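Presented below is the structure to which this report refers.
Read-outs throughout are calculated quantities, based only on the coordinates presented, and are distinct from any laboratory measurement. The model shown is predicted, which means the values in this text are computed figures rather than measured ones. With ideal geometry, Cβ positions are generated from the backbone for all residues, glycine too; neighbour counts draw on all protein chains shown.
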Amino acid sequence: MKKQTTLLALTTVLLLGSIPVSQADGGGFFSFFSLERKKEVAPMTDATYNKECGACHFPYQAGLLPEGSWRKLLDAKALSDHFGENAELDDQTRSHILQLLVANSADKSSYKRSKKVMGSLEAGATPLRVTEVSYIKHKHEKVPEKLIKQPKVKSLSYCDKCHMEADKGNFDDDTVVIPEHGNWSW
Ligand code: HEC
Ligand code: HEC
């Protein structure tokens, strides 16, 4: 009897693990299982980060780039000329954000997309852009240029314009709705 119960529990866990994340997310219920959450990228819940690094664009998840990338991006001098913008922070805020990004960077995360990011980078590579990571670049090869460059999106850097659940760390293609195009996968 005990053995059967264990088997049943194991089968249930396996079945739950195989449910596509698109169904699992949004519904809310399955997202309680860490097995499901680990399929995507860890969401950013720090209010300071979301405010400071979400002012001009979507606050990218730490798990989208390795530690070395965040160290370069969060360098004080680098922030004063951040892709042509001034994104300076006071020392205390900067070190708080740097710590947060480093602790949750792609090389330390067990989430699926973070592992894919790391797997697609050359050893020791520290890209300054998520959009330069081969895994991310490759995933968007089939997206027409005119949908990316349209004024309502601007560039691939604005993840949340198309990924409706980007703030939750969910990038599944079932959750993509592109302005002037609509649902991607329906
Ligand atoms: C004053 C506006 C501003 C602020 C504040 C800002 N950024 Fe940016 N960031 C930009 C611009 C502009 C780009 C380039 C976007 C483009 O190429 O279209 C960018 C790009 C990036 C990219 C690369 C995106 C890609 O293409 O993959 C990362 C990573 C990034 N920022 C991280 C941060 C972090 C972390 C913070 C907080 C410390 C931050 N940004 C704060 C304006 C800002
Ligand atoms: C112009 C709209 C658009 C923008 C902006 C965009 N994406 Fe996407 N993304 C898509 C589409 C469409 C797909 C599905 C492509 C396919 O099915 O071939 C996709 C797929 C993905 C996937 C793979 C999903 C899966 O189910 O395998 C990831 C991961 C992803 N995007 C991350 C990002 C990140 C991170 C950003 C921002 C740096 C971003 N995307 C910006 C439209 C966009």
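Taking GluC sites (Glu not before Pro) across segment 116-186, the ones in a DSSP loop with at most 16 further Cβ atoms lying within 10 angstrom of their Cβ are GLU122, GLU141, GLU180.
To the nearest 0.05, what FRET efficiency results for GLU141 and GLU88 with a Förster distance of 30 Å applied to their C-beta separation? Walk me through the numbers on the way to the answer.
Values: r = 35 Å, r/R0 = 1.18.
Computed FRET efficiency for GLU141 and GLU88 comes out at 0.25.
With K and R counted +1 and D and E -1, the other residues having a Cβ less than 15 Å from that of PRO151 yield a net charge of +3.
Based only on other Cβ atoms within 10 Å, what is the fewest-to-most ordering of LEU64, LEU147, LEU89? Don't skip to the answer; put the middle values down first.
Details: LEU64 25, LEU147 15, LEU89 18.
By the 10 Å Cβ count, ascending, the order reads LEU147, LEU89, LEU64.
With a cut-off of 19 Å on the backbone N, the residues of segment 145-173 near the modelled label site 7 Å out from ALA55 along Cα-Cβ are 158. Over 17 Å, how big is the tail of the calculated P(r) for segment 79-132, in percent of all Cα pairs? Roughly 51 percent, rounded to a whole number. With K and R counted +1 and D and E -1, the other residues having a Cβ less than 14 Å from that of PRO179 yield a net charge of +3.
Once both labels are positioned 7 Å from their Cα atoms along Cα-to-Cβ, the gap between LYS77 and LEU128 label points is 1.2 nm.
Loop only per DSSP, at most 12 neighbouring Cβ atoms within 10 Å: give me the trypsin sites (Lys or Arg not before Pro) in segment 120-186, ordered by residue number. Before the final figure, lay out each step's value.
Values: sites: ARG129, LYS137, LYS139, LYS142, LYS146, LYS149, LYS152, LYS154, LYS161, LYS168; in loops: ARG129, LYS142, LYS152, LYS154.
Those satisfying the criteria are LYS142, LYS152, LYS154.
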